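Contents: one structure, followed by commentary.
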Amino acid sequence: MNYLLNTWYVAAWSHDVVPGAILARTILDQPVALFRRTDGTLAAIHDACPHRFAPLSAGILQGDRIACRYHGLAFDGSGACVFNPHGPTLRSMATRAYPVHEAHRAAWIWMGEPDRADPALIPDLSYLSEAPETAFSSGELLSGPGNYEVFVDNILDLSHTDYLHPDTLGGGANTKAKQEITESDGFFDVTWYARDIPPPPLLASLVDSLPERTDSFSRVRWFAPGVMKLVAGIVPAGADESVAVSNVNAHIMTPETARATHYFFAATRNYRTGDAELNERIAATRKRIFATEDKPMIELVDARMGGREFWSMRPILLSIDGASVRARRRLQALIAAEQAGTAAAAA
Ligand code: FES
Ligand SMILES: [Fe+2]
């Protein structure tokens, strides 16, 4: 599978990389072992010992290094072999290390050329760090079946909510909505506007005294390859967006393999922000909707696609596909440019 390499991927939420433990993850088909050094900084190294390929995540974390459980070689967070019980430690015994950076409550990893790993390229999700604990939840919705671009499609085409989630997130608004796309350097925004409609059922149950007629908007900012910020807001019909009651969520897709995805999700909101009980309830509802509605559908889609390339299956294109097709084309172009650059450098 061709992936975009020179970009940041979320490897885990920060709280999932627990001091004293090693987290094993497959990212872009590569096994990776993540851990924290004793000063708390993150490290990520290739999760196969260069001797006989034992997973280093099955090894022992000794301070700032991992000792392989098979024959005792130890590696630090830079990938260097720092202990060899059988002889000298040589530079050639190093394993690969991946640049990692913590930002917006997440651990980001760079799978491409290490000297191009600039933290300034991490998408701006600073609203996640700014949210109060009682208006924030995060988790990994899944690590499992489905190509990451199929999961990206699922967010870039919210008309699915009207059919897959009719009683909660849907309600008909997204099918009727007018779609607008704004291109920018490095990302694009797609917004669906629906005017003069009843509020969506889930939000209506959470927010007191909503008017019967509202304008709603859902806006997704897509950053390649699969980081999305989704703002879903409603205002009394005719009112300005600045008074919107809104949920501001993150949907982040990191390829595990060609047919499996790490789906990281985070939720914030601007109403009842001090209500911890509501916070729990929203988090549980989202998990349930995903687990019982999105996840089974994407598993079925993945089974039907059977690992075939998307365009080779000649999907029909509808008016609802504008944003998802744009994301696929932009990503394809980025991957092609990256590969052309690598080929030129090799030549
Ligand atoms: S496999 Fe790790 S030291 Fe031999
Ligand atoms: Fe969904």
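Since every read-out is calculated from the coordinates, none of them should be taken as a lab result. Predicted model only: the values in this text are computed from it and were never measured. Cβ sites come from the backbone with ideal geometry, for glycine too, and all protein chains shown count toward neighbours.
Once a ≥ b ≥ c are taken as the square roots of the eigenvalues of the Cα gyration tensor of the stretch 37-136, is the result rounded (a/c under 1.5), prolate (a/b larger than b/c) or oblate (a/b not larger than b/c)? The shape class here is prolate. With q set to 0.16, 0.18 Å⁻¹, the log10 of I(q)/I(0) for the stretch 204-347, from the Debye formula over equal scatterers at the Cα positions, is -1.10, -1.27. Summarised in one figure, the compactness ratio Rg/Rh of the stretch 285-325, Cα atoms and Kirkwood Rh, is 1.07. Across the stretch 239-331, C-alpha contacts under 8 Å between residues 6 or more apart give a mean separation that, scaled by the residue count, equals a relative contact order of 19 percent. Which residues in the stretch 121-161 have a backbone N closer than 13 Å to a point placed 7 Å from the Cα of TYR271 along the Cα-to-Cβ line? Within reach of a label on TYR271: no residues. Please say if the stretch 159-266 is rounded, prolate or oblate, where rounded means a/c under 1.5 for a ≥ b ≥ c the square roots of the C-alpha gyration tensor eigenvalues, and otherwise the choice is prolate for a/b larger than b/c and oblate otherwise? In terms of gyration-tensor shape, prolate. The ranking of TRP108, TRP13, TRP192 by Cβ neighbour count inside 10 Å, starting from the fewest, reads TRP13, TRP192, TRP108. Modelled this way, with points 7 Å down the Cα-to-C-beta line, the labels at ALA258 and GLN339 are 1.2 nm from one another. Pop the C-beta distance of THR175 and LEU90 into the FRET formula with R0 = 45 Å and round what comes out to the nearest 0.05. Calculated value: 0.10. For the stretch 237-335, applying the loop criterion from DSSP together with a ceiling of 13 other beta carbons within 10 Å to the GluC sites (Glu not before Pro) yields GLU309. Between the Cα long axis of helix 276-289 and the first principal axis of the chain there is an angle of about 80°, rounded to the nearest 10.
I need the semi-axes of the equivalent ellipsoid of the stretch 219-271: take the C-alpha gyration tensor, multiply each eigenvalue by 5, square-root it, list largest first in whole angstrom.
That gives 29, 10, 7 Å for the three semi-axes.
Diffusion coefficient (Stokes-Einstein, Kirkwood radius over C-alpha pairs, 4 °C, 1.567 mPa s) for the stretch 60-209: 63 µm²/s, rounded to a whole number. A simple spin-label model places pseudo-atoms 7 Å from Cα toward Cβ; at ASP196 and TYR70 they are separated by 7.0 nm.
If the chain linking ASN2 and VAL301 were pulled fully straight, counting 0.36 nm for each residue of separation and taking away their Cα-Cα distance, it would gain 105.6 nm. Global size of the stretch 78-136: 17.6, 54 Å for Rg and Dmax (C-alpha atoms, Rg to one decimal, Dmax whole). Summed over all non-identical Cα pairs, the Kirkwood treatment of the stretch 14-55 gives a radius of 10.9 Å. Overall form of the stretch 300-347: oblate. Here a/c, set by the Cα gyration tensor axes a ≥ b ≥ c, is 1.5 or more, and a/b is not larger than b/c.
Report the convex hull volume per residue for the chain, counting only C-alpha atoms, in Å³. Intermediate results must be reported in sequence, preceding the final value.
On the way: hull volume 52.9 nm³, N = 347.
Per-residue hull volume (Cα only) is 152 Å³.
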